[in-house]
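Colleague: Sharing a structure with you now.
The values are calculated or read from the model by the stated rules, or taken from the named source; none is laboratory data. From a predicted model like this one, the values you see are computed outputs, not experimental measurements. Cβ: placed from backbone, ideal geometry, glycine included. Neighbour counts: every protein chain shown. Keep in mind that these areas ignore ligands, DNA and RNA; they rest on the heavy atoms of the full protein, side chains included. Shrake-Rupley method; radii C 1.70, N 1.55, O 1.52, S 1.80 Å.
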Amino acid sequence: THTHTHTHTHTHTHIMWHLRGRWGQLAATRTCVLVHHLSVRRASTEASAAASAAAESTPADNGAFVDFGFTKVPKTEKATLVGGVFQRVASRYDLMNDLMSGGLHRLWKKSMVQRLHPVRGAHFLDVAGGTGDVAFRIVDAVQACRVVPPIAGQRTSVIVCDINPAMLRVGRARAQVEGYDRKGVDLSWVTGDAEELPVATESVDAYTIAFGIRNVTHIQRALAEAYRVLKEGGQFLCLEFTRVPNPILRALYDQYSFHIIPVLGDLVAGDRPSYQYLVESIRRFPPQEALADMIREAGFRRVSYTNMTAGVVALHTGFKG
């Protein structure tokens, strides 16, 4: 009896070990299959992501598409889309600038005109300046200037050029209300594209553009046009939102830009998407040194830039010849 019990126990143990071994093999097999399945899914996901990234980068690579904020659009459509933005915000544009910048945009523009040193008898071209904000400051600076003009008797002229008629209408109305059309300066308003200016070659002494160059389709073409219309020795000034160098301040600025400005646009102008685009367009714009290199490539000399308000904006300057 003892021998039988021992044999039965031994046989039972052997069977359990056998079953355990089989279950172990099955578990191992299932684990291998699961790992393989996960690996395949991960590889598939990575491949899809890579394909998606490649698809997104293709438009930029083949030159057919450009940035409209964070969206890729055909080059042929960007000017129309940007025009739509400013058509919608024109009537509240200056008010929104005050709200978004806390009034700082006035100081930035004042600094640009001070750097320009306007003199009587000079010819000025302000591009993308439809509402007249920069042009009026130039007129005021000329009125305050006591420097004898380089050509005796030559009248000072300021041309405001903007691609958007709605912005120009706002500027003309302001000029009449505030008396800038009666200050002894030839102030004119012209509808035109920064990439194909309706201005004669070598006809202006200074070219200014404030918060406009990031909205053009081809920045290099706009710079080439600026170079073309300037006289030899003429000055180029570009004021634009740029990249905040300090990472902590940049993070705070991003929070403000993406969470506050579009809301203000919705509340004040009733147009959140347009201000969302304006915020996004800043992030797509070249950083300070890259823009300086582009200005040099256009042929300008003595190119430099000055950061303002911790690098929220920068003033780039250069000279022709």
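Colleague: Take segment 110-132 and flag every residue that is crowded, with 21+ Cβ neighbours inside 10 Å and within 27 Å of residue 257 (Cβ to Cβ).
Modeller: The answer is 112, 113, 126, 127, 128, 129, 130, 131, 132.
Colleague: If you go through segment 63-78, how many residues are touching a residue at least 24 places away in the same chain (Cβ under 8 Å) and either touching a strand residue (DSSP E or B) at 6+ places or on another chain (Cβ under 7 Å) or over 16 Å from residue 284 (Cβ atoms) (or both)?
Modeller: Looking only at that region, the number is 3.
Colleague: Let me ask something else. Consider residue 85 carefully, then state whether it is modelled with pLDDT under 80, outside any helix (DSSP H, G or I) and out of contact with any Cys (no Cβ under 8 Å at 6 or more places or on another chain).
Modeller: It is false that residue 85 is modelled with pLDDT under 80, outside any helix (DSSP H, G or I) and out of contact with any Cys (no Cβ under 8 Å at 6 or more places or on another chain).
Colleague: A further question follows. Give 201, 217 a once-over and let me know the one that is more than 14 Å from residue 130 (Cα to Cα), free of Cβ contacts under 8 Å to residues at least 60 places away in the same chain and in a loop (DSSP other than H, G, I, E, B).
Modeller: Just a single option satisfies the conditions, and that option is 201.
Colleague: Does any residue in segment 308-321 that is closer than 9 Å to residue 238 by Cβ come within less than 6 Å, Cβ to Cβ, of a residue that is open to solvent by 30 Å² or more (accessible area, probe 1.4 Å) and among the aromatic types (Phe, Trp, Tyr) six or more places away or on a different chain, and which pairs are these?
Modeller: Listed by first residue and then by second, the contacts come to 314/305; 316/305.
Colleague: Just to be sure, is residue 139 open to solvent by less than 20 Å² (accessible area, probe 1.4 Å), over 24 Å from residue 305 (Cβ atoms), outside any loop (DSSP other than H, G, I, E, B) and touching a strand residue (DSSP E or B) at 6+ places or on another chain (Cβ under 7 Å)?
Modeller: Judged against the criteria, residue 139 is a match.
Colleague: Also, I was wondering about something else. How many residues are small (Gly, Ala, Ser) and either crowded, with 19+ Cβ neighbours inside 10 Å or closer than 17 Å to residue 211 by Cα (or both) if we restrict to segment 237-257?
Modeller: Residues that pass the stated criteria total 1.
Colleague: Consider only pairs whose beta carbons are under 9 Å apart and that are at least six residues apart or on different chains; among these, list those whose first residue lies in segment 137-151 and is at pLDDT below 90 and whose second residue is acidic (Asp, Glu) and outside any loop (DSSP other than H, G, I, E, B).
Modeller: Within 9 Å, the pairs are 150/205.
Here is a yes/no grid of residues against (1) of a type in the set (Val, Ile, Thr); (2) open to solvent by 20 Å² or more (accessible area, probe 1.4 Å); (3) out of contact with any Pro (no Cβ under 9 Å at 6 or more places or on another chain); (4) more than 26 Å from residue 84 (Cα to Cα):
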| position | (1), (2), (3), (4) |
| --- | --- |
| 159 | yes, yes, yes, no |
| 165 | no, yes, yes, no |
| 168 | no, no, yes, no |
| 178 | no, yes, yes, yes |
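Colleague: Just for segment 258-292: of the residues that are surrounded by 15 or more Cβ atoms within 10 Å (Cβ to Cβ) and of a type in the set (Phe, Trp, Tyr), which one is nearest to residue 314 (Cα to Cα)?
Modeller: 285
Colleague: Which count do you get for residues in segment 180-201 that are among the charged types (D, E, K, R) and surrounded by fewer than 14 Cβ atoms within 10 Å (Cβ to Cβ)?
Modeller: Of the residues in segment 180-201, 3 are among the charged types (D, E, K, R) and surrounded by fewer than 14 Cβ atoms within 10 Å (Cβ to Cβ).
Colleague: Kindly check whether there is at least one residue in segment 170-189 that is in contact (Cβ under 8 Å) with a residue 60 or more places away in the chain and not small (Gly, Ala, Ser).
Modeller: There is at least one residue in segment 170-189 that is in contact (Cβ under 8 Å) with a residue 60 or more places away in the chain and not small (Gly, Ala, Ser).
Colleague: Would you say residue 158 is in a helix (DSSP H, G or I) and either touching a Gly at 6+ places or on another chain (Cβ under 6 Å) or under 22 Å from residue 105 (Cα atoms) (or both)?
Modeller: Criteria not met by residue 158.
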